[in-house]
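**Student:** Sharing a structure below in structure tokens format, with a few things to ask.
Coordinate-derived values only; no laboratory data. Quick caveat: nothing in here was measured; it's all calculated off a predicted structure. Cβ: placed from backbone, ideal geometry, glycine included. Neighbour counts: every protein chain shown.
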Amino acid sequence: MADHYYTQQPSARSDRKKIEAVLRGQKLQFVSDSGVFSRDGVDFGSRVLIAHMELGQQDRVLDVGCGYGPIGLTAARLVPRGHVTMLDVNERAVALSRENAALNGIGNVDVQVSDLYEAVGGRAFDVILSNPPIRAGKAVVHRILEEAHAHLNPGGALWIVIQNKQGAPSAKAKLEACFGEDHVSEVGKDKGYRVYKAVKA
């Protein structure tokens with residue numbers, strides 16, 4: 001069985017390619033590779049999240065499941081006086097994110113190999129962003145949602161994108177259970193994708 005993009009060390013033979021994308025008005029270049037999520041171009045779900053996410057210029061941001069970096073590196077451009085920590089279990093994806101940060105001249109980032117939140121310990125952030133790895137299974141996705149609460153500063157927000165047919169209703173219910181119904185809102189939708197924002201009271 002072929003490994004997935006959420007495998008720590010993908011066995012797929014390296015097949016690097018360079019792609020360009022305009023995200024939030026910024027032209028970014030990415031090197032991607034086999035064995036990582038959406039290697040042929042920035043996926044639609046990530047683009048929907050990037051279009052809707054709101055960040056302050058000094059925010060401390062966490063990108064969970066960063067892949068080769070489109071969400072986290074766009075966020076870093078939007079928080080020039082802030083900082084972005086990017087996490088992924090996939091070592092190849094982490095190496096690519098580091099390379100892509102350098103390629104785009106982005107210095108306010110730190111990319112680490114991490115099983116979900118493991119590498120950040122007890123640290124808290126102003127914003128957590130995630131296009132969760134649906135194929136890793138519902139248990140993994142729901143852990144990302146549940147454990148976000150402990151890693152947010154008061155008033156901080158988790159932003160996630162999820163496809164309706166891939167579990168958006170159950171993800172929203174999980175967020176409401178963790179953050180409280182009044183603190184969860186749908187902030188955007190496009191072609192079956194939903195963007196949810198959950199604020200830590």
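**Student:** Using only the alpha carbons of the range 83-201, determine the length spanned along each of the three principal axes and report them from longest to shortest in whole angstroms.
**Tutor:** So the extents along the principal axes, rounded to whole Å, are 39, 31, 24.
**Student:** Note down the Stokes-Einstein diffusion coefficient of the range 89-159 in µm²/s, whole number, using a Kirkwood radius over alpha carbon pairs, 4 °C, and 1.567 mPa s.
**Tutor:** 96
**Student:** Given a cut-off of under 8 Å on Cα pairs at least six residues apart, what relative contact order in percent is computed for the chain?
**Tutor:** Computed over the chain, the figure is 18 percent.
**Student:** I'd like the distance between the alpha-carbon centres of the range 9-25 and the range 87-103, rounded to an integer number of Å.
**Tutor:** 10
**Student:** Of Leu175, Leu158, how do they rank once you tally other Cβ atoms within 10 Å and put the fewest first?
**Tutor:** The fewest-first ordering by Cβ neighbours comes to Leu175, Leu158.
**Student:** Could you calculate the FRET efficiency of Val199 with Ala12 from 1/(1 + (r/R0)^6), where r is the beta carbon distance between them and R0 is 35 Å, rounded to 0.05?
**Tutor:** 0.35
**Student:** Tell me, Met86, Met53 in order of fewest to most beta-carbon neighbours within 10 Å?
**Tutor:** With the fewest neighbours first, Met86, Met53 line up as Met53, Met86.
**Student:** Okay, next question. For an R0 of 25 angstrom, estimate the FRET efficiency from the Cβ-Cβ distance between Asp110 and Glu147 and round to the nearest 0.05.
**Tutor:** The value I calculate is 0.85.
**Student:** Please report the spacing between the Cα centers of the range 132-159 and the range 36-51 in Å, no decimals.
**Tutor:** When both Cα centres are located, 18 Å separates them.
**Student:** For an R0 of 41 angstrom, estimate the FRET efficiency from the Cβ-Cβ distance between Arg24 and Glu176 and round to the nearest 0.05.
**Tutor:** Taking R0 as 41 Å, the efficiency between Arg24 and Glu176 is 0.90.
**Student:** So, one more: If we restrict to alpha carbons, what Rg and Dmax does the range 1-114 come to, in Å?
**Tutor:** In Å, with Rg to one decimal and Dmax whole: 13.2, 44.
**Student:** Which log10 I(q)/I(0) values, to two decimals, does the chain give at q = 0.10, 0.12 Å⁻¹ under the Debye formula with one point per Cα?
**Tutor:** Per q value, in the given order, log10 I(q)/I(0) is -0.36, -0.53.
**Student:** Magnitude of the Cβ-charge dipole of the range 71-191, K/R +1 and D/E -1, about the Cα centre, nearest 20 debye?
**Tutor:** 360
**Student:** Oh, and also: Can you tell me the order of 136-147, 66-77 when each peptide is scored by its average per-residue count of other Cβ atoms within 10 angstrom, highest first?
**Tutor:** Ranking the peptides 136-147, 66-77 by packing returns 66-77, 136-147.
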